[in-house]
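The values are calculated or read from the model by the stated rules, or taken from the named source; none is laboratory data. Not measured: the values here are computed from a predicted model. In this analysis, Cβ positions are derived from the backbone assuming ideal geometry, glycine residues included, and neighbour counts consider all displayed protein chains. Surface areas here come from the heavy atoms of the whole protein model, side chains and all, with no ligands, DNA or RNA. Shrake-Rupley method; radii C 1.70, N 1.55, O 1.52, S 1.80 Å.
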Amino acid sequence: MSESNVLITEPLQIIKEEGKECTGTVIFLHGSGDTGHGVFSWVKSLHKFSFPHIRVLFPTAPLLPFTPNCGMPSNVWFDRLKLSPDAPEHIETTDATAKELVNIVNNEVKRGVPLSRIVIGGFSMGGGMSLHLGYRYLRGVAGVFALSSFLPFSSNVYKSLENDKTSKTPPLFMCHGTADDLILEQWGKETYASLSKLGVPGEYNLLPNVSHELDRKELAKLSSWIMEKIPENK
């Protein structure tokens with residue numbers, strides 16, 4: 001596995017890692033205020049997270065005015081009015097960023113990677129963004145993962161699933177630390193339960209005594225799950 005330099009795309013920056021013959025792609029979205037470089041380094045400090053046949057992309061979110069940061073610009077996938085499941089989504093920024101991320105996915109498809117061999121996921125806000133991508137925009141992906149993430153009670157993801165109950169939905173992998181005091185584990189559990197009721201298949205993993213952070217065992221489980229969704233043989 002070799003590591004490349006940063007690729008510049010408009011408007012998102014991407015750091016990538018890829019195998020010799022890539023027949024699948026994973027897109028890993030960072031949490032609020034982080035970067036693709038940042039989450040790449042964090043992941044690599046805990047787990048090798050590399051695959052012989054999969055290209056892994058770590059995009060950096062655009063700089064957007066972020067309400068919880070007193071309106072100052074931050075690398076975020078969307079704005080939030082507040083960090084709470086009862087707050088409405090800022091759908092304008094969510095959808096604008098989603099379209100840019102869909103472009104990244106479409107570029108992978110143009111490279112010859114079928115949508116059915118692409119997994120989208122992320123940590124914290126990146127996981128929330130991935131839920132929008134997988135269940136509103138790109139139902140044909142191989143899977144979605146959300147680590148220490150949640151959706152608001154009135155999320156447009158739920159509305160999309162309610163309005164289209166005939167399309168197949170990709171499997172979901174969620175993990176949440178029991179000691180998370182930023183995004184409470186109950187929020188993650190309620191999100192998973194709501195998605196399950198709307199027909200989303202998947203698994204929810206509790207991480208005992210883990211706070212709002214990535215965890216070595218979590219990444220090992222995620223890697224195995226990714227290998228199941230994007231096996232080496234086509």
Expected unfolding gain across D181-F153 under the 0.36 nm per residue rule, minus the alpha-carbon gap, is 8.2 nm
Taking a ≥ b ≥ c as the square roots of the Cα gyration tensor eigenvalues, with a/c under 1.5 meaning rounded and otherwise prolate when a/b beats b/c or oblate if not, the range 83-185 comes out prolate
Name the longest site-free stretch of the chain, where the excluded sites are GluC sites (Glu not before Pro) in a DSSP loop with no more than 14 other beta-carbon atoms within 10 Å. 22-231
The answer for the chain, accessible area per residue at 1.4 Å probe in Å², is 44
Could you tell me which label, among (1) 26, 25, 14; (2) 24, 20, 19; (3) 29, 22, 15, carries the value of semi-axes √(5λ) of the Cα gyration tensor in Å calculated for this structure? (2)
Given the pairs K110/K165; K99/K168; K48/K197; K48/K165; K165/K217, which span a C-alpha to C-alpha distance of over 32 angstrom in this model? K48/K197; K48/K165; K165/K217
Quick one: with all protein chains in place, what share of the accessible area of the chain is carbon or sulfur, to the nearest percent (1.4 Å probe)? 51
Calculated from DSSP helices alone, with each H run of at least 4 adding -39500 (n - 2.57) and the total divided by the residues of the chain, [θ]222 nm to the nearest 500 comes to -10000 deg cm²/dmol
Neighbour-limited loop hits for trypsin sites (Lys or Arg not before Pro), the range 87-127 (at most 12 other Cβ within 10 Å; DSSP other than H, G, I, E, B): R111
